[in-house]
2 protein chains.
Amino acid sequence: MSIYVHNGFMNSLQTLEPVVEASCCVPSAKPAMSAEVAQQRALIFKALADPNRLRLLSIVKAGESGEACVCDLTEPLDLGQPTVSHHLKILVEAGLLRREKRGTWAYYSLVPGALEQAAGLLATL
Amino acid sequence: MSIYVHNGFMNSLQTLEPVVEASCCVPSAKPAMSAEVAQQRALIFKALADPNRLRLLSIVKAGESGEACVCDLTEPLDLGQPTVSHHLKILVEAGLLRREKRGTWAYYSLVPGALEQAAGLLATL
DNA sequence: CATCTATATCGATCAATGTCAATCTATGTG
DNA sequence: CACATAGATTGACATTGATCGATATAGATG
């Protein structure tokens, strides 16, 4: 930072002011996003930051019934079943998807309003 | 939803009705997001998927002048200058920030509409 | 109970990412 | 030119993350 340069032994320089580059710009008065809030919000975007997860959300959303099971998600993504399960878990933990198990199958659907809320995070940065 | 559960009354059970594994659910008719589009969109969210970058955006946005230089961004994040430069570069490449060099300093400001556009990506999944 | 099937979890591997110290570049200024 | 400063770039290192094969679990079936 150094607002003023070293005037250590050159005290007579003080009359030669304004050395000063002052500051390059006005620092913001308003408090920025806290580290904690930032960390929390980043979790949502981390979940969205993978192309395969975006496609998963897209497929689930596009489905007639608004839900899809893992078996229908594995093929279009060309990924192994464990990998798809892993991505789904991340989306659930991010609060974007919810999981409902019926019989042998697990159905995933969008959490209502979750995407809108995520979008809202960007508006209120 | 379940396609086959109660078929009227259970009288058909006598016939040992094909307990249909059929399919667990109807696959979506609509085409999902392509791999290419998904990859591109993920880039935006990757840029947003780091708490320090969210804070950078927040600080830049909060600034009186709508811009900030690196020297004002290093301290509040408690990160080294090279690291801040690195994050800023990622935000610029994602199309979220723009960089203008004036004299010795580099000023970063939000690309107008960029955040709104990113939010829009979520609405049109 | 034995078995099959859909899904989840585990362990390993390899690529991507965040961070820093050191260095380089560009724009000053004396 | 010599030197100082703001910022970018490079290289190394540690951590995270995506993926897969193998295995575990849970519900359905026989």
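Data for the structure
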| item | result |
| --- | --- |
| Nearest-first distances (nm) between copies at residue B:83, label 7 Å from Cα via Cβ | 3.2 |
| Where the stretch B:35-123 is the region considered: accessible area per residue in Å², 1.4 Å probe | 48 |
| Accessible carbon and sulfur surface of the stretch A:35-123 relative to its total accessible area, %, 1.4 Å | 51 |
| Length-normalised contact order for the stretch B:35-123 - Cα pairs under 8 Å, 6+ apart - percent | 28 |
| Shortest-first nm distances, residue A:124 label point to equivalent points in other copies (7 Å, Cα→Cβ) | 2.5 |
| Whole-Hz couplings from phi, Karplus 6.51/-1.76/1.60, listed for the stretch A:44-58; x for Gly and Pro | 4, 6, 4, 5, 8, 8, 10, x, 5, 6, 4, 5, 4, 4, 4 |
| Accessible-area value, residue A:85, 1.4 Å probe, nucleic acids and ligands omitted, Å² | 40 |
| For residues of B:72-79, the mean tally of beta carbons on other chains within 10 Å | 3 |
| Inter-probe distance in nm under a simple model that places probes 7 Å from Cα toward Cβ, at residue A:86 and residue A:37 | 3.4 |
| Candidate residues A:84, B:37: accessible-area rank, largest first, probe 1.4 Å | B:37, A:84 |
| Amide H within-cut-off set for residue B:107, under 5 Å, with H built and near neighbours excluded | B:100, B:101, B:102 |
| Chain pair A, B: total accessible area buried, heavy atoms, 1.4 Å probe, Å² | 4100 |
| Nearest-first distances (nm) between copies at residue A:100, label 7 Å from Cα via Cβ | 5.2 |
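The values are calculated or read from the model by the stated rules, or taken from the named source; none is laboratory data. Since we're looking at a predicted model, the values are computed, not measured. For neighbour counting, all protein chains shown are included, and Cβ atoms are generated from backbone atoms with ideal geometry for every residue, glycine included. All accessible areas refer to the heavy atoms of the entire protein, side chains included, with ligands and DNA or RNA removed. Shrake-Rupley method; radii C 1.70, N 1.55, O 1.52, S 1.80 Å.
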